[in-house]
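In what follows, a single structure is set out as C-alpha cells and then discussed.
The values are calculated or read from the model by the stated rules, or taken from the named source; none is laboratory data. Quick caveat: nothing in here was measured; it's all calculated off a predicted structure. Neighbour counts are summed over all protein chains in view; Cβ atoms, including those assigned to glycine, are modelled from backbone coordinates with ideal geometry. When the accessible area is computed, the model is the full protein with side chains, heavy atoms only, and any ligands, DNA or RNA have been set aside. Shrake-Rupley method; radii C 1.70, N 1.55, O 1.52, S 1.80 Å.
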Amino acid sequence: MKISIGILAYNEEKVIGDMLDSLFRQSVFLPDFKAGGGEEWEIIVVPNGCSDQTAVVAEKKLEIFSKQTTNCSYKVEQVERPGKSNAWNLFVHEFSDKNAEILILMDADIEFDDKNTLQSCLQVLKENSHASIVVDLPRKHFEVSEKKGFREKMSLRASRVTLESNPAISGQFYCGRTLELRQIWMPLGLPVEDGFLYSMIVTNGFRQEPDMSKVVRAKGASHFFEGLYRISDLYRHELRITIGTALNCYFTWDFLRFATDANGPGAGEFIRSQLVKNPKWYESVLNNQIANRGWWVLPRGMLFRRFDALNGKPLVRKISRLPITLIAFCLDIPVFIAANRTIKKRQAIGFW
C-alpha cells in the first residue's frame, strides 16, 4: 500500500523541524515496526508563498530521515503562490504519487501526542470500508501543563463541549482515501478549507444526503497544537472561523447543493470546470449570494451554534455544560457583528 503524506507549510521554519522529528517518532517509522500491509511511504512538504527558510529546514531534516528508513521517500515542492487551498490542490492532484491509496494531510506546526496516531488512523481505514476520512483528537499544548490559569481552563472546557459532538475534520491532521479526495477541487481563496472538505465528503460531492458516519475519529490517536487563550488571539480566530463558516454555507449548502447534478461526476469536477472557464467564478458566486440577503447576512441559526453541542445529552450533562456554553454565546455576539459587517463590505474572501 502506497501512502502519501502532504505537509502544507507557510513560513514555518521555526517549528517544522520539531514537527518532522515528531512525525519520525511515529511507530510506523520505527525500525521494529511490523507493517501489516507492506506500506510504502512518501513525505511531501509543500511550502507555499514562504519568505523564510521553511523549505531549507525541511530538506535537511528529510535528508537525515531518509538515511534511517528504506520504505519512505521524500521531496519538497515549493509553491510561489500562498494559500492552503492552492497547496492542497497541488498536493492531492499533482505532487502525490499517482498510485497512492491513502493521503494524509498535515499542518507544519503540530506535534504528535501518541506515537501510534498514524497506525491507529490507518487501521480504521482498513477495517471500516465506509469511512472516507479518519481524524485524531486535537489537543491544546497547555492541556498537559500542571499549572493552568483561568483562561486556559475556560478554553479547555469549551473544547470539550465541541469534541462531544460528531467528529469534524481538522485541517491540522487527517487521513483520507485517495479516490475520494481526488474528486475534490478547492476554490482558491477558500477560508476554513476543512469545513468545505467536510461538506464535500459527507455528501459525496453533493450527490447524496449527508452521511456523517463517513468521518470517523480513531481511538488512541492525537496531536498537540498551539492553543489560543489571549482575548485578542481568540477574537481574531473566532472572527476568521465565523466568516469562513458563513462563506462555506453560502457556497456549499446554498449553491453547490442545487447546482450539482446528483447523477454526474460531483461538485468537485463542477468546481474545476467552472474555475477553468473563469478563475474568479468562486468570488462571483459568493458576491451573488451576499447580494441576495438583507442587512444580516450570516446564516440563520448560526448565532446559537454553541447550544447545538448540548443536543441529545443527558440533562445532568446539559446543566454542567450550560455555564461555559452561555459564556461562549455572549463572546460570540461581538464576533458575529464584526463578521456580518466584513461580509457585507465584500472584504471576506481571502480574510485571514
Lys/Arg +1, Asp/Glu -1 at C-beta; the chain dipole; positive extreme among Asn311, Leu286, Ile201:
Asn311
In square angstrom, rounded to the nearest 10, how much accessible surface does Asp18 have for a 1.4 Å probe?
80
Can you list residues whose amide H is under 5 Å from Ile43's amide H, if they're 5+ apart or on another chain and H is modeled 1.01 Å from N?
Ile5, Ser73, Tyr74, Lys75
³J(HN,Hα) computed for each position of the range 271-286 - Karplus, 6.51 cos²θ - 1.76 cosθ + 1.60, integer Hz, glycine/proline x:
4, 4, 5, 5, 5, 5, 6, 8, x, 9, 4, 4, 5, 5, 4, 5
Calculate I(q)/I(0) for the range 64-131 by the Debye formula, one identical point scatterer on each C-alpha and no solvent, and give its log10 at q = 0.15, 0.18, 0.20 Å⁻¹ to two decimals.
-0.72, -1.03, -1.22
Within the chain, what whole-number % of the accessible surface is contributed by carbon and sulfur, with the 1.4 Å probe and all protein chains included in the calculation?
52
For Asn287 and Arg305, calculate 0.36 nm times their separation in residues minus their Cα-Cα distance, and state this gained length in nm to one decimal.
4.0 nm
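Please report the antiparallel percentage of the DSSP beta bridges confined to the chain, to the nearest 5.
Values: 9 of 36 bridges.
Roughly 25 percent of the DSSP beta bridges within the chain come out antiparallel.
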Ordered by residue, what ³J(HN,Hα) values in Hz, to whole numbers, does the range 186-201 give under the Karplus form 6.51 cos²θ - 1.76 cosθ + 1.60, where θ = phi - 60° and Gly and Pro are x?
9, x, 5, x, 5, x, 6, 5, 5, x, 5, 4, 4, 4, 5, 5
Between the range 203-250 and the range 314-350, the Cα center-to-center distance that results, in Å
14
When only DSSP loop residues count, what GluC sites (Glu not before Pro) in the range 193-261 have their Cβ near at most 15 other Cβ atoms within 10 Å?
Glu226
Under Karplus coefficients 6.51, -1.76 and 1.60, residue-wise ³J(HN,Hα) of the range 27-33 in Hz, glycine/proline x:
4, 5, 9, 7, x, 8, 6
Take the alpha carbon gyration tensor of the range 3-47, find the square roots of its eigenvalues, order them as a ≥ b ≥ c, and report rounded if a/c is under 1.5; if not, report prolate when a/b exceeds b/c, else oblate.
oblate
In this structure, the FRET efficiency calculated for Asp211 and Lys75 from their beta-carbon separation, with R0 = 41 Å, to the nearest 0.05, is 0.70
Which residues' amide hydrogens lie under 5 Å from the amide hydrogen of Asp52, considering only partners 5 or more residues apart or on another chain, with H built in the peptide plane?
Asn11
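Return one whole number: the accessible area per residue of the chain in Å², for a 1.4 Å probe.
Working: 17500 Å² over 352 residues.
Counting only protein heavy atoms, the per-residue value for the chain is 50 Å².
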Please tell me the relative contact order of the chain in percent, rounded to the nearest whole number, where contacts are Cα pairs under 8 Å and at least six residues apart.
18
Taking springs between alpha-carbon atoms closer than 10 angstrom, which of Ala246, Ala55, Ala328 fluctuates most in the Gaussian network model of the chain?
Ala328
Suppose only helical runs count, i.e. DSSP H with n ≥ 4. What mean residue ellipticity at 222 nm does that imply for the chain under -39500 (n - 2.57) per run, divided by all residues and rounded to the nearest 500 deg cm²/dmol?
-12500 deg cm²/dmol
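Output the pairs from Lys219/Lys280; Lys84/Lys219; Lys60/Lys214 with a Cα-Cα distance over 30 Å in this structure; if there are none, say none. Numbers along the way, then the final one.
On the way: Lys219/Lys280 41 Å; Lys84/Lys219 28 Å; Lys60/Lys214 37 Å.
Cα-Cα > 30 Å for Lys219/Lys280; Lys60/Lys214; rest within.
Can you list the trypsin sites (Lys or Arg not before Pro) in the range 13-75 that are in a DSSP coil and have 15 or fewer other beta carbons within 10 angstrom?
On the way: sites: Lys14, Arg25, Lys34, Lys60, Lys61, Lys67, Lys75; in loops: Lys14, Arg25, Lys34, Lys67.
In loop regions of the range 13-75 (DSSP not H, G, I, E or B), the sparsely surrounded trypsin sites (Lys or Arg not before Pro) are Lys14, Arg25, Lys34, Lys67.
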Peptides ranked, highest mean first, by Cβ atoms within 10 Å: ranges 277-283, 104-110:
104-110, 277-283
Environment charge of Glu40, counting only residues whose C-beta is closer than 14 Å and scoring Lys/Arg +1, Asp/Glu -1
-2
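I need the shape label for the range 233-341. Rule: rounded when a/c is under 1.5, else prolate if a/b > b/c, else oblate, with a, b, c from the alpha carbon gyration tensor.
Numbers: a/c = 2.85, a/b = 1.79, b/c = 1.60.
Judged from the Cα gyration tensor, the range 233-341 comes out prolate (a/c at least 1.5, a/b above b/c).
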Identify the trypsin sites (Lys or Arg not before Pro) of the range 197-244 meeting these criteria: DSSP loop state and at most 15 other C-beta atoms within 10 Å of the C-beta.
Arg207, Arg230
